[in-house]
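Trainee: Sharing a structure below in structure tokens format, with a few things to ask.
Throughout, read-outs are computed from the coordinates displayed, never taken from laboratory work. The shown structure was predicted, so the numbers you read here are calculated from the model rather than taken from an experiment. Backbone-built Cβ (ideal geometry, glycine too); neighbour counts: all protein chains shown.
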Amino acid sequence: MRRNQLIGLSLSVLLALFVLAGSLEALTPRTLGFKIGYTRNQLRGQDTGPGIEVTKIATNGVTIGLVGNIKILDWLFFQPEVLYFQKGGKYDVQVPLPISIPGFQVNVIDTRSLEYLEIPLMLKVALPVKWRVKPTFLTGLSAGLKLRGSLENNVNITISGYNVPYFRTEDITSQLNTLELSYVIGGGLDFEVGRGKLAVDQRFFFGLKTNKYATTIPASYFQNIGIPVPTDIVYRLNMNNYVFRVALTYFF
């Protein structure tokens, strides 16, 4: 299924949920909200292959979109969301070499910037207290539909103490799972603000499906600087997306 079709299907599902809730008289004021937030992203490896050493580094991102808030019970809500969501991560890789040359090492720092249309389907529990500020707990599943992905590949070649840099970028959209499911858990606070409601929450997104990345450093680059590398250096990393997110939502 093409990306535009997936986006259209997702929006149609969310609209259907609102229509269904309205037919059940479940909709009240402060049902629809606008969300903006910050993401802290990391890629965690499941299988990095023989001879590959990886050091994980977190990256920063943003999320923005619309939120629903459908009442089931006085203390229980169904909260569907449609968000633009940035994930990814950075890692330092010690790459195994196809040839043994004294004093020759290749160190790579890869940054993967990933963008998704994220659709969390959450259950929200609001503690039944008569306070203007109510603690909440959220859990559920999230479906991420890939939009695009890019790789910044920084290679540092060391030859007998001398450093030779190599940099390139690559579109890696094709390497992403078309649909990525995540388990989500978190909590927050709801504030009564005039006729509206303000919600602050933090969540953890645990990617349930591995993305299989393959990166190639061409042998021709080494040969052009006088290093007799006979074949391309290829390393494969199987990674899951892990995201910590803090966001602010205003319900109208």
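Trainee: What order, most packed first, do the peptides 166-174, 104-112 have when packing is the mean number of other Cβ atoms within 10 Å of each residue?
Mentor: The most tightly packed comes first, giving 104-112, 166-174.
Trainee: Mind ranking 183-191, 218-226 by how tightly packed they are, going by the mean number of other C-beta atoms within 10 angstrom, highest first?
Mentor: Taking the mean over residues of other Cβ atoms within 10 Å, the ranking is 183-191, 218-226.
Trainee: Summing -39500 (n - 2.57) over the DSSP H runs of n ≥ 4 in the chain and dividing by its residue number, what mean residue ellipticity at 222 nm do you reach, to the nearest 500 deg cm²/dmol?
Mentor: Result for the chain: -3500 deg cm²/dmol, rounded to the nearest 500.
Trainee: Which of the lysines could a cross-linker bridge to LYS212, judged by Cα under 30 Å and excluding same-chain residues fewer than eight apart?
Mentor: Those lysines meeting the cut-off are LYS56, LYS87, LYS90, LYS146.
Trainee: Residue by residue through the range 141-157, what is 3J(HN,Hα) from phi via Karplus (6.51 cos²θ - 1.76 cosθ + 1.60, θ = phi - 60°)? Round to whole Hz and write x for glycine and proline.
Mentor: In residue order, the calculated couplings are 10, 10, 10, x, 9, 5, 9, 6, x, 9, 10, 9, 10, 9, 10, 10, 9 Hz.
Trainee: Amide H to amide H under 5 Å from VAL193: which residues, 5+ apart in sequence or cross-chain, H placed 1.01 Å off N in plane?
Mentor: Residues meeting the amide H criterion: LEU198.
Trainee: Debye calculation, C-alpha points only, no solvent: report log10 I(q)/I(0) for the range 3-251 at q = 0.07 Å⁻¹, in the same order as the q values.
Mentor: Rounded to two decimals, the profile gives -0.33.
Trainee: Compute the length gained on full extension between THR216 and VAL133: take 0.36 nm times their separation in residues and subtract their Cα-Cα distance, giving the result in nm to one decimal.
Mentor: 24.6 nm
Trainee: Something else now. Which whole-Hz ³J(HN,Hα) couplings does the range 215-228 yield from phi under the Karplus relation 6.51 cos²θ - 1.76 cosθ + 1.60, θ = phi - 60°, glycine and proline marked x?
Mentor: Listing the rounded values in order: 10, 10, 10, x, 4, 4, 5, 5, 5, 5, 9, x, 9, x Hz.
Trainee: While we're looking at this one, here's another question. Based on alpha-carbon positions alone, could you give the equivalent ellipsoid semi-axes of the range 97-206 from the gyration tensor, as √(5λ), descending, whole Å? Working shown, then result.
Mentor: On the way: eigenvalues 439, 56, 32 Å².
Over the Cα atoms of the range 97-206, the ellipsoid semi-axes are 47, 17, 13 Å.
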